[in-house]
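The values are calculated or read from the model by the stated rules, or taken from the named source; none is laboratory data. These numbers come from a predicted model, not from an experiment. Don't worry about glycine lacking a Cβ; one is built from the backbone with ideal geometry, like all the others, and counts go over all protein chains shown. The area values use the complete protein model at the heavy-atom level, side chains included, leaving out ligands, DNA and RNA. Shrake-Rupley method; radii C 1.70, N 1.55, O 1.52, S 1.80 Å.
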Amino acid sequence: KMASYTRTLRVPGDFATPAEALAAARDRDRIVLAENTWKGPLVINAAVELQGAGPNKTIIECPAAGGSAITIGPEAKGARITGIAFRHESFVAEGSDRFSAALVRGGGAVFVDCKFSEASGHGLAVIESGEVIANRCRFSDNGWNGAAAIGKGCVLEVRDSESINNFEHGIESWEGASAILVNNRCEGNSRNGIHADNGGSRVTIEGN
């Protein structure tokens, strides 16, 4: 029964790196990352809370060819990520197979006060029936869309956020993904601020 209690895992302190803490984490644990630029790629496969010191202080990055700085896996339904920036170490705008800064594939996550930038692909991508809520987030200077949901069963909810200076759309949903977009600012993107091509899935767009 002790396993059901919430634990707080500190990096550094209890673990030297975020990867080590995530490998030891279980559902409902809270992982607290100190101010630092931490190396990814990282994978979350449990319903944990990953808490940074703020997106200008706690950064997770990886090489553009190394994958996404963070991936939320299918087992991570209910993960919560706050106060962290995700990016690639360098921008590579070549080829059709580029990684996003953050990827949600089949799991469910809430991002609050996070930043997604300088990715070779999307800032945030939601695939494989993943579900995301992003509040007070910033998507900027990414090689494709700021935030994107692709495929039936995916849900992308973005509120009180901004998507700025991305090389494609600010926010996009297509191939049957659902989107709820409320009170966001999309500015300076090369294509549309918001592009919804959803094939009959529900889209709510208010106050953007």
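Key figures for this structure:
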item	result
Arg105 being crowded, with 17+ Cβ neighbours inside 10 Å and closer than 27 Å to Asp160 by Cβ	yes
Residue that is nearest to Ser129 (Cα to Cα) [pool: residues in the range 168-195 that are modelled with pLDDT of 95 or more and among the small types (Gly, Ala, Ser)]	Ala177
Residue count for the range 70-91, restricted to those that are in a loop (DSSP other than H, G, I, E, B) and open to solvent by 60 Å² or more (accessible area, probe 1.4 Å)	4
Residue ID - farthest from the chain's Cα centre (by Cα), chosen from residues in the range 161-208 that are open to solvent by 70 Å² or more (accessible area, probe 1.4 Å) and hydrophobic (A, V, I, L, M, F, W, C)	Ile205
Some residue of the range 41-48 being of a type outside the set (Ser, Thr, Tyr), outside any strand (DSSP E or B) and touching a helix residue (DSSP H, G or I) at 6+ places or on another chain (Cβ under 7 Å)	yes
Those residues of the range 142-160 which are of a type outside the set (Lys, Arg), without any contact (Cβ under 8 Å) to a residue 40 or more places away in the chain and open to solvent by 10 Å² or more (accessible area, probe 1.4 Å), in sequence order	Ile150, Gly151, Gly153, Val155, Glu157, Asp160
